[in-house]
């Protein structure tokens with residue numbers, strides 16, 4: 001095979017590999033941001049509810065047991 005032709009083909013393959021790498025990095029960053037978005041939108045509110053619900057239930061039950069609502 002001609003060395004010039006082989007060198008040209010290697011150069012073209014290198015350029016294609018660089019384009020693939022750029023595309024893969026963009027996809028990786030997209031998935032990373034999607035993961036952080038999921039954590040912020042779904043997991044953090046669940047953790048917050050674990051602290052808020054007991055406080056709410058305690059306040060609500062004390063209101064119901066301590067007050068007869070004017071009866």
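Read the figures in this text as sums done on the coordinates, not as results from a lab. Everything quoted here is computed from the prediction, not taken from an experiment.
Computed from Cα atoms alone, the Kirkwood hydrodynamic radius reported for the chain is 18.0 Å. Over the chain, DSSP H runs of length four or greater, each weighted -39,500 (n - 2.57), average out per residue to a 222 nm ellipticity of -30000 deg cm²/dmol. In the chain, the longest principal axis of the Cα atoms and the axis of helix 3-38 are about 0 degrees apart. Separation of region 1-25 and region 28-53, taken as the distance between their Cα centroids, equals 41 angstrom. Rounded to the nearest 10 degrees, the inclination of helix 44-66 to the longest alpha-carbon principal axis of the chain is 10 degrees.
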